[in-house]
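The values are calculated or read from the model by the stated rules, or taken from the named source; none is laboratory data. On a predicted model such as this, the values are computed, not experimentally measured, just so you know. Here the Cβ positions follow ideal geometry from the backbone for every residue, glycine too, while neighbour counts run over all protein chains shown.
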Amino acid sequence: METVRSLTAEKPVVIFSKSGCCMSHTVKALISSFGANPSVIEIDKMANGHQIERALLQLGCRPSVPAVFIGQQFIGGADQIISLNVQNKLAQLLLGARAIFIWGR
């Protein structure tokens, strides 16, 4: 759990992903479409990736990826991010975390 905290510290947006996961790709593209530059951590390419995946599961990520942190807060997976976007709440979260600075849609 401490590893996840250290990886998300002081970064506005962090996405834990697996390189072959289509939903991870979708979430990365959606967040980037707002102009944000998320820190992407591909856990399948890390030596301690299984440890990180276990920590994400303990946080309640089901499935383990994508797992999105905005402003150091765990937001959720693909369903939660897409839902926030449909409700027009994702941009506000990104603004609040200083991941983007202007949004006018």
Qualifying positions in region 27-51 - in a helix (DSSP H, G or I) and among the polar types (S, T, N, Q): 32, 33, 51
Quick one: count up the residues across region 52-105 that are acidic (Asp, Glu) and at positive phi. 0
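Residue-wise test of (1) out of contact with any Lys or Arg (no Cβ under 8 Å at 6 or more places or on another chain); (2) without any contact (Cβ under 8 Å) to a residue 12 or more places away in the chain.
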site: 15; (1), (2): no, no
site: 23; (1), (2): yes, no
site: 34; (1), (2): yes, no
site: 80; (1), (2): yes, no
site: 89; (1), (2): yes, yes
site: 94; (1), (2): yes, no
site: 103; (1), (2): yes, no
Would you check if residue 4 is at pLDDT below 95, surrounded by 12 or more Cβ atoms within 10 Å (Cβ to Cβ), out of contact with any Gly (no Cβ under 9 Å at 6 or more places or on another chain) and not in a loop (DSSP other than H, G, I, E, B)? yes
Being part of a loop (DSSP other than H, G, I, E, B) and either of a type in the set (A, V, I, L, M) or surrounded by 14 or more Cβ atoms within 10 Å (Cβ to Cβ) (or both) narrows 24, 64 down to just 64
Kindly evaluate residue 57 against the criterion of being closer than 24 Å to residue 42 by Cβ and not aromatic (Phe, Trp, Tyr). yes
